[in-house]
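Novice: The structure under discussion is supplied below as structure tokens; questions concerning it will follow.
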Amino acid sequence: MKTEITVQVFNDKDDICALMKEKGFEIKETFTLTDRYFSVLSILELQSFSYPDIIKSSILLRQIDNDAFLVYKQKILDSNGVVLQEEKIKTKVDSFENTSLIMKNSGLTLWCEMINRSVVFNKGETELVLQEVNGLGRFIEFEEYPSISSLSPQEKIDILTQEIKSLGLRLGQDLSYKKPYEYFKTLFK
């Protein structure tokens, strides 16, 4: 299981890229990611369920550029809903669109489709991913790195939080931002 933080960032992309370069980060890669979340629950049921219940009942179909995967996210949350750890179980599929059709035709509900353009920044063992998510804004995902992997989940979160705050970006308050859940909620406002 891995620990990561996900936080909304309010700087524009050019400012973020310039700041990351100034801090010694290099761009490792860029890619487009399309996520489709499916559940056995109906839209009406999903609207009344909490995030942990929704994510437990969901399978993610993910396309990264031309590669497609089925993913199940097993999350451990604290009593406040903060994600402490996450394990992603994934398997490659041949066709993103055909797999999506199979899931829809088998009665699963497509409850979220998000597209994000990602830029991966690297400095030593540290990797940050800037994500521009359609309909939500910009986010940074910061996953644990090898030298902190033996620490407790809370210690990892504390270190990741301190490091991301030291970058000088304008950050949101929620360090465990649940993009698919928040996107889903925007559809029914």
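Novice: Which lysines have a Cα lying under 16 Å from the Cα of Lys90, excluding residues fewer than 8 positions away in the same chain?
Specialist: Here the lysines satisfying the reach criterion relative to Lys90 are Lys2, Lys56, Lys73, Lys75.
Novice: Treating cross-link reach as a plain straight distance, find the lysines whose alpha-carbon is under 25 Å from the alpha-carbon of Lys21, omitting any fewer than eight places away in the same chain.
Specialist: Within the straight-line limit of under 25 Å, Lys21 reaches these lysines: Lys13, Lys123, Lys156, Lys165.
Novice: Also, I was wondering about something else. Can you tell me the dipole magnitude for the stretch 127-170 around its Cα centre, using point charges on the Cβ only (Lys, Arg +1; Asp, Glu -1), in Debye to the nearest 20?
Specialist: 220
Novice: State the answer as a single residue: which of Ser152, Gln131, Tyr181 lies farthest towards the positive end of the charge dipole of the chain, with beta carbon charges of +1 for Lys and Arg and -1 for Asp and Glu, about the Cα centre.
Specialist: Of the candidates, Tyr181 comes out farthest on the positive side.
Novice: So if I place +1 on the C-beta of Lys and Arg and -1 on the C-beta of Asp and Glu, and nothing else carries charge, what would the dipole magnitude of the chain be about its Cα centre? I want it in debye, nearest 20. Don't skip to the answer; put the middle values down first.
Specialist: On the way: 24 positive and 29 negative charges, 80 e Å.
Roughly 380 debye for the chain.
Novice: Let me ask another. In the chain, once you exclude exposed chymotrypsin sites (Phe, Trp or Tyr not before Pro) (DSSP loop, at most 12 other Cβ within 10 angstrom), what's the longest stretch remaining?
Specialist: 11-187
Novice: Under a point spin-label approximation (7 Å from Cα along Cα-to-Cβ), what is the Asn80-Leu19 distance to one decimal in nm?
Specialist: Placing both labels 7 Å beyond Cα along the Cβ direction yields 2.2 nm.
Novice: Compute the label zone of Glu29 within the stretch 119-162: residues whose backbone N is under 18 Å from the point 7 Å along Cα-to-Cβ.
Specialist: 119-132, 141-146
Novice: Moving on to the next point. For the chain, state the average projected area of the convex hull of the C-alpha atoms over all orientations, rounded to one decimal in nm².
Specialist: For the chain, the mean projected area of the Cα convex hull comes to 11.0 nm².
Read the figures in this text as sums done on the coordinates, not as results from a lab. Bear in mind that the values here come from a model prediction, so they are computed numbers and not experimental data. A quick note on method: Cβ atoms are made from the backbone with ideal geometry, for glycine too, and the neighbour counts reach across all protein chains shown.
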